[in-house]
Amino acid sequence: MIYFDNSATTKPLDSVLQTYQTVATEFFGNPSSLHRLGDRARSVVEQSRSQIAQLMRAKPEEIFFTSGGTEGDNWIIKGTAMAKRMFGKHLITTTIEHPAVRETMKQLEELGFEVTYLPVDKRGFISVDDLKAAIRPDTILVSVMAVNNEVGSIQPIAKIGDVLEDYPTIHFHVDAVQAVGKGVMDQIRHPRVDFLTFSGHKFHALRGTGFIYAKAGRRIEPLMAGGGQEKDWRSGTENTAGIAAMAKALRLCLDNEDEKVARQNAIRKNIADYVSTFEDVHLFSEIAPDFAPHVLTMAIKGVRGETIVHAFEGEDIYMSTTSACSSRSGQESSTLAAMNVPQSLAQSAIRVSLDEANTMEEAEQFKQAFRRIYTNFQKLKG
């Protein structure tokens with residue numbers, strides 16, 4: 001079995017699962033309880049927070065635990081809107097954001113907020129000049145993803161941060177869900193970035209775990225009201241075992257990051273160079289420094305993406321169309337539409353997404369399967 005759908009979710013590492021089981025068994029107390037079992041659980045949570053903060057080059061008090069990327073995006077965007085609504089109701093984002101951002105913005109529009117959606121070029125990048133032009137006196141938030149989940153374009157986060165240095169009252173949020181372990185940490189940790197969203201299951205932790213970075217001094221309103229956990233920012237009994245497992249997964253993911261990135265880039269290029277020799281293949285992802293090392297999106301013209309995905313499944317190779325969300329719902333790729341890709345071509349898109357466990361041998365097997373599948377489709381097309 002070859003798993004090439006890591007942008008959708010990653011397989012939890014055995015050692016991460018072992019950590020989860022150990023903590024769930026031996027540190028099962030409620031971290032808010034006053035007795036010894038509660039203290040032990042609280043110690044695990046805080047040790048995990050400190051470890052994540054160190055890896056993120058942040059302070060422990062700037063890390064807040066969530067249930068994942070969707071909650072994190074919703075919290076930061078809605079929390080900013082609630083905290084800063086008396087100063088303005090204008091927000092800026094892009095046309096290629098994950099639905100967790102895009103749909104949240106739509107909800108705020110229904111509540112009277114105004115949202116500017118920055119367009120992207122044919123490669124999938126926003127223009128920093130467009131961002132400058134969009135900023136208004138009543139702008140309270142700029143939200144731009146670090147790495148696009150559908151084609152892998154790395155947005156110019158550092159350049160955006162430089163622009164926003166002149167606008168210190170605007171919150172700057174970066175959805176970094178696809179960025180962990182992909183060699184872009186220096187960009188997303190620009191000093192002007194106020195908020196970052198992360199999801200554990202994208203780097204071999206468990207689903208239902210995540211965290212946000214919130215720069216000290218920045219304030220958002222909580223979405224989860226209740227028992228006052230996470231310094232009253234995010235109530236709800238902490239998932240102690242999930243948090244500990246996530247901290248371990250993050251450390252393992254970032255170990256030898258440069259080497260892992262180089263290997264993924266090599267595999268991606270190997271596949272891209274091969275499939276691009278076929279006449280009816282179109283690549284949406286580029287082999288370039290401003291594209292992430294793990295995402296390669298392509299199309300076989302005239303064949304629907306879901307048909308291609310199932311053909312590869314028959315070869316025991318697993319991938320998706322463009323994103324797992326749009327694959328299951330049958331929705332058109334929002335990123336490819338924003339890139340002005342014709343619908344007839346966009347509906348043929350498939351996404352190969354790698355991680356550090358994938359090998360060049362798997363790439364060779366993929367190429368052999370690709371030739372068989374491509375040849376069969378050409379026969380069917382007549």
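Here are some notes:
- Of all the numbered requirements in (1) out of contact with any Ser or Thr (no Cβ under 9 Å at 6 or more places or on another chain); (2) under 16 Å from Ala176 (Cα atoms), Thr93 misses one, and that requirement is (1).
- Residues of the range 106-118 include at least one that is more than 17 Å from the chain's Cα centre (by Cα), over 20 Å from Thr209 (Cα atoms) and among the basic types (Lys, Arg).
- Ile243 buried (at least 24 other Cβ atoms within 10 Å of the Cβ) and more than 21 Å from Ser32 (Cβ to Cβ): no
- The set of residues in the range 1-40 being outside any helix (DSSP H, G or I), farther than 15 Å from Gly200 by Cα and open to solvent by 70 Å² or more (accessible area, probe 1.4 Å) consists of Met1, Phe28, Leu34, His35.
- Among the residues of the range 240-261, those identified as within 22 Å of Leu354 (Cβ to Cβ) and in contact (Cβ under 8 Å) with a residue 24 or more places away in the chain are Met246, Lys248, Ala249, Leu250, Arg251, Leu252, Cys253, Leu254, Glu257, Asp258, Lys260, Val261.
- Close contacts from the range 41-64, counting a first residue that is closer than 18 Å to Val174 by Cβ and open to solvent by less than 20 Å² (accessible area, probe 1.4 Å) and a second that is at pLDDT below 95 and assigned to a helix (DSSP H, G or I), with Cβ to Cβ under 6 Å and a gap of 6+ residues or different chains, come to Phe64/Glu230.
- Some residue of the range 259-280 being under 21 Å from the mean Cα position of the chain (by Cα), of a type in the set (Phe, Trp, Tyr) and surrounded by 16 or more Cβ atoms within 10 Å (Cβ to Cβ): no
- Residue selected from the range 201-239 under the condition farther than 17 Å from Met82 by Cβ and free of Cβ contacts under 8 Å to residues at least 24 places away in the same chain, by the criterion surrounded by the most Cβ atoms within 10 Å (Cβ to Cβ): Gly236
- Any hit, the range 125-143, residues being under 21 Å from Gly72 (Cα atoms), of a type in the set (Gly, Ala, Ser) and surrounded by 23 or more Cβ atoms within 10 Å (Cβ to Cβ): yes
- Listed by first and then second residue, the pairs linking a residue in the range 72-87 that is part of a helix (DSSP H, G or I) to a residue that is of a type in the set (Asp, Glu), with Cβ atoms under 6 Å apart and 6 or more places separating them unless they lie on different chains, are Asp73/Asp175; Gly79/Glu221; Met82/Glu221; Ala83/Glu221.
- Matching residues in the range 59-96 - criterion: being more than 28 Å from Asn239 (Cα to Cα) and not hydrophobic (A, V, I, L, M, F, W, C): Lys84, Arg85, Gly88, Lys89, His90, Thr93, Thr94, Thr95
The values are calculated or read from the model by the stated rules, or taken from the named source; none is laboratory data. As the structure is a prediction and not an experimental result, all values here were calculated from the model. No Cβ is skipped: glycine too gets one built from the backbone with ideal geometry, and neighbour counts run over all protein chains shown. Accessible surface is based on the protein model in full, side chains and every heavy atom, while ligands, DNA and RNA are left aside. Shrake-Rupley method; radii C 1.70, N 1.55, O 1.52, S 1.80 Å.
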